[in-house]
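The values are calculated or read from the model by the stated rules, or taken from the named source; none is laboratory data. Fair warning: this is a prediction, and the values are worked out from it, not measured in the lab. All Cβ positions, even for glycine, are placed from backbone atoms using ideal geometry, and neighbour counts span all protein chains on display.
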Amino acid sequence: MAQRFTQEFEGEPVRLVRTSGQTRREIANDLGVGLSTLTRWASRSRDLEIDDPKRRQPCEDAAAELKRLRRENEILRQERDILKRAKVFFAKAGRLHRNLALAAPRRAFAIRRPDPGLICHSDRGSQYCSIDYQSELKKHGALISMSGRGHCYGNAIIETFLASPPRQPDST
């Protein structure tokens, strides 16, 4: 007949397995129980701890916090990249005219040397629609993206960071 042990008795060998540094075989021999029995007790104890809602709560909270922090880091990284790239575009004058509009991309192309395919987004101001401005962008292989009429803020950030190409009519 199989020998029965109380839960209190089962708990002591499991504690020894975790803390004593002895092997399971040594502990089983010292206590006069089978190795498979001791392994089953340790496994059952571990399963009970995993299922315990009190023990699971901190893990779930930590996982949710880690997910939130990773998302926040990604947003901060994107904002930092926007500001790093924006600094080359600041030029100062009393009003925005064609030459000032040309100064920013020229400086940006000289400093950053982007690969062809860069999306340059602007509103539909006359300085951005000028032949000089458009040819400057095309010379460097940049794609020209303009806001819809009346929507001057457009979608530059979304196009840049989500890499969605601008919608332009087919040139047929």
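Numerical summary
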| item | result |
| --- | --- |
| Residues located in the range 129-145, provided they are of a type outside the set (A, V, I, L, M), part of a helix (DSSP H, G or I) and surrounded by 17 or more Cβ atoms within 10 Å (Cβ to Cβ) | TYR133, GLU136 |
| Residue tally, condition under 29 Å from the mean Cα position of the chain (by Cα) and at pLDDT 80 or above, over the range 75-109 | 9 |
| Checking ALA163 against (1) modelled with pLDDT of 65 or more; (2) among the aliphatic types (A, V, I, L, M); (3) out of contact with any helix residue (DSSP H, G or I) (no Cβ under 6 Å at 6 or more places or on another chain), the condition it does not meet | (1) |
| Residue that is nearest to VAL14 (Cα to Cα), among those in the range 48-74 that are at pLDDT 90 or above and of a type in the set (D, E, K, R) | LYS67 |
